[in-house]
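The structure appears below as structure tokens.
The values are calculated or read from the model by the stated rules, or taken from the named source; none is laboratory data. This structure is a prediction, so every number in the text was calculated from the model and none was measured. Neighbour counts are summed over all protein chains in view; Cβ atoms, including those assigned to glycine, are modelled from backbone coordinates with ideal geometry.
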Amino acid sequence: MKFRYVCVDCGKEYVTDKIIYQCPECASKQKEGEFPRGYLKVIYDNDELRKLSEKDHVSIYDFFPYDIPNKEVYPVGTTPIVVPKRLNEKIGLKNVFCKMDAYLPSGSFKDRASQLIAAQAIAHNEKRIALASTGNAGAAMSCAGAAYGLDIILFVPETAPINKLMQSVLYGATVVPVKGSYDDAFLLSIEYTRHFGGINRNTAYNPMTIEGKKSVSIELFEQLGRKAPDVVYVPVGDGCIISGVYKGFYDLMQAGLIDRIPCIVCAQSEKSNAISMAFETGEFKSISATTRADSISVDIPASGRMAVQYLKTYGGWCTQVSEDEILDAQMTLVHDSGIFVEPASATAWAAMNKDKDMLKERFGEDASICVLLTGIGFKDMAVFDGRVRMPASIENSAQAVIDRFS
Ligand SMILES: Cc1ncc(COP(=O)(O)O)c(C=O)c1O
């Protein structure tokens, strides 16, 4: 579909066939220690979108600015919905369900953005893509790179969980561990593309990342029988996923397929709460993030301004949870529903659990509540050190079995 860009801060529109990242005017007003300015949103003609309302079924590809070549080499989308029945009975909400984006090809939601970025690279005859990542975006882009034959240069904090880094090495990416934070790696990757060229896939910096991530909302709309849920819980660090979730529902509304955007909840750790703070105070200031949920540990959220704008416009809210609540939610999900996710994902469940009484009061016990689960648990097994112990082995004898269970 034909598209143009609009600056999130000043509203100026840009029509171009070139790859662009920021509104130069707003970017020049950037102050140190503040959320980035001048990031762009992709928009379409409403008449074009309206045509989609005539279709009996819409696919995520109907809403994309680039065609996805050879979809079968890197199949992204149509992740299952899991209903954690035993947990729903415990919390007293009948219709909570988990959207399992942890089951995407590289094990995280980030495949949604990487698919569209790969398409952007192929459309522009670019072979090289650089990015920074807390781990999952890097693994996803590296996976897409292996599938499509693209060169991926990945800057990651050296402290990222080893499984995530190793995954990218195995996919064949050039991995550059950085002695610094994710925010440091972000700036270094931009330095790389400035000097050496290629596409930069940094989350939110490249507007196509949010555009790719919106696909989850379009999928949900079809999976729920052509309607939106009442509430969606999203784990938030940079704010790019939540902006994508909003954008998907926004496009569906522009197309005339839904008449309201659901309540979308920004689930954050108390120890990485930059967007929640900005939502409350109106000030877009950096913080010092220290959460164990590494994927959402962000000092300066790249999509912070857009996320807050969406939350304010469409009646969303922020729920912060403690580190213990996150780790308990991870255990509860795996133990009582068979859903095994990394701590960042569990943050969404922890926030929903914290809000449960309010949800019952405001939306009723039958409300349709989606908890977006974004990353698979195998990515970070070290988080269980000191929390879970492997039982001792028994002797290889019948008597040992009898002794063990008597
Ligand atoms: C598993 C997982 N969940 C949630 C997030 C948060 O997404 P965002 O940084 O766009 O807010 C990330 C980001 O890396 C992630 O990997």
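Odds and ends about this structure:
- Of the helices (runs of 4 or more DSSP H) lying entirely inside the stretch 179-256, those carrying at least 3 residues that are farther than 25 Å from Arg50 by Cα and more than 16 Å from the ligand (Cβ to nearest atom) are 182-196.
- When the residues of the stretch 289-326 are filtered to those that are aliphatic (A, V, I, L, M) and either more than 13 Å from the ligand (Cβ to nearest atom) or outside any loop (DSSP other than H, G, I, E, B) (or both), the one that is farthest from Thr134 (Cα to Cα) is Leu311.
- Tabulated pairs, the stretch 157-181, first more than 16 Å from Asp380 (Cα to Cα), second assigned to a loop (DSSP other than H, G, I, E, B), C-beta under 7 angstrom, 6+ apart or interchain: Pro177/Glu158; Val178/Glu158; Lys179/Glu158; Ser181/Asp299
- Of everything in the stretch 360-379 that is within 16 Å of the ligand (Cβ to nearest atom) and not hydrophobic (A, V, I, L, M, F, W, C), the residue that is surrounded by the most Cβ atoms within 10 Å (Cβ to Cβ) is Gly375.
- Beta carbons closer than 9 Å, at least 6 apart along the sequence or on distinct chains, pair a first residue in the stretch 37-62 that is touching a residue at least 24 places away in the same chain (Cβ under 8 Å) and closer than 23 Å to Thr16 by Cβ with a second that is in a strand (DSSP E or B) and of a type in the set (Lys, Arg) for Val42/Arg4; Ile43/Arg4; Tyr44/Arg4; Asp45/Arg4.
- When the stretch 87-134 is limited to residues that are of a type in the set (S, T, N, Q) and at pLDDT 95 or above, the one that is farthest from the ligand (Cβ to nearest atom) turns out to be Asn125.
- Selection of the stretch 265-278 for residues being in a strand (DSSP E or B) and within 12 Å of the ligand (Cβ to nearest atom) yields Cys266, Ala267, Gln268, Ser269, Ser272.
- Within the stretch 103-127, tally of residues that are of a type outside the set (Lys, Arg), within 20 Å of Ser59 (Cα to Cα) and touching a helix residue (DSSP H, G or I) at 6+ places or on another chain (Cβ under 7 Å): 11
- Residue match in the stretch 170-177 (condition: of a type in the set (A, V, I, L, M, F, W, C), exposed (fewer than 15 other Cβ atoms within 10 Å of the Cβ), in a helix (DSSP H, G or I) and out of contact with any helix residue (DSSP H, G or I) (no Cβ under 7 Å at 6 or more places or on another chain)): yes
- Of the criteria (1) crowded, with 24+ Cβ neighbours inside 10 Å; (2) of a type outside the set (Phe, Trp, Tyr); (3) outside any helix (DSSP H, G or I); (4) touching a strand residue (DSSP E or B) at 6+ places or on another chain (Cβ under 6 Å), which one Ala160 fails: (4)
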